[in-house]
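Chemist: I'd like to ask some things about the structure below.
Any read-out appearing in this document is the output of simple, stated calculations on the displayed coordinates, not a laboratory observation. From a predicted model like this one, the values you see are computed outputs, not experimental measurements. Methodologically, a virtual Cβ is constructed for each residue, glycine included, from the backbone with ideal geometry; neighbour enumeration extends over all protein chains shown.
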């Protein structure tokens with residue numbers, strides 16, 4: 001079984017306990033499931049993030065709640081709890097009608113999202129390298 005302690009990168013943006021629970025679901029030494037999970041998150045979350053960013057740029061606040069919630073949910077599934085919390089803060093700002101703070105809150109989402117994606121890309125590369133080494 002692929003274990004997180006075998007990985008050469010340190011998890012910072014992804015909760016280690018949640019990632020370990022996910023890896024525990026994988027049977028055998030084949031990292032293919034995890035690689036596909038990461039690839040799916042990266043592609044689907046990029047679509048959601050881009051739409052969220054377009055809504056911010058065009059001041060379409062009516063669409064923001066669903067988009068940020070979709071990013072929050074997808075990120076929770078892979079253990080990106082920091083991004084989940086930041087998305088929750090964004091939802092709270094939306095709920096309070098504080099649209100003047102949205103650009104600042106979105107900048108936090110963007111920074112956290114980039115960090116999560118970079119970490120997942122490194123994790124994916126590490127798993128591919130491990131898979132080829134066996």
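Chemist: Between residue 128 and residue 91, with labels modelled 7 Å along Cα→Cβ, what's the label distance in nm to one decimal, could you check?
Modeler: Label at residue 128, label at residue 91, 3.3 nm between them.
Chemist: Taking Cα atoms of the range 4-133, Rg/Rh with Kirkwood Rh, to two decimals?
Modeler: Numbers: Rg = 16.0 Å, Rh = 15.4 Å.
With Rg and the Kirkwood Rh in hand, the quotient comes to 1.03.
Chemist: Still on this structure, please answer the following. For the residues 117, 87, what sequence is obtained by ranking on other C-beta atoms within 10 Å, fewest first? Don't skip to the end; give the middle numbers.
Modeler: Values: 117 19, 87 27.
Fewest-to-most Cβ neighbours within 10 Å comes out as 117, 87.
Chemist: Does the range 36-89 come out rounded, prolate or oblate, given a ≥ b ≥ c as the square roots of the eigenvalues of its C-alpha gyration tensor, rounded meaning a/c under 1.5 and, failing that, prolate meaning a/b above b/c? Spell out each step's value before the answer.
Modeler: Values: a/c = 2.80, a/b = 1.50, b/c = 1.87.
Oblate shape, in that a/c is at least 1.5 and b/c is the bigger or equal ratio.
Chemist: Shifting gears a bit: Work out how much length residue 40 to residue 107 would gain on full extension: take 0.36 nm times their residue separation and subtract the Cα-Cα distance, in nm to one decimal. Numbers along the way, then the final one.
Modeler: On the way: separation 67, 0.36 × 67 = 24.12 nm, distance 2.37 nm.
Once the chain is fully extended between residue 40 and residue 107, it gains 21.8 nm.
Chemist: Order these by the 10 Å Cβ neighbour count, fewest first: 90, 106.
Modeler: Ordered by Cβ neighbours within 10 Å, fewest first: 106, 90.
Chemist: Calculated from DSSP H runs of 4 or more alone, at -39500 (n - 2.57) each and per residue, what is the 222 nm mean residue ellipticity of the chain, nearest 500?
Modeler: Details: 5 runs with 100 residues, N = 134.
After summing the helix terms and dividing by the residues of the chain, the value is -25500 deg cm²/dmol.
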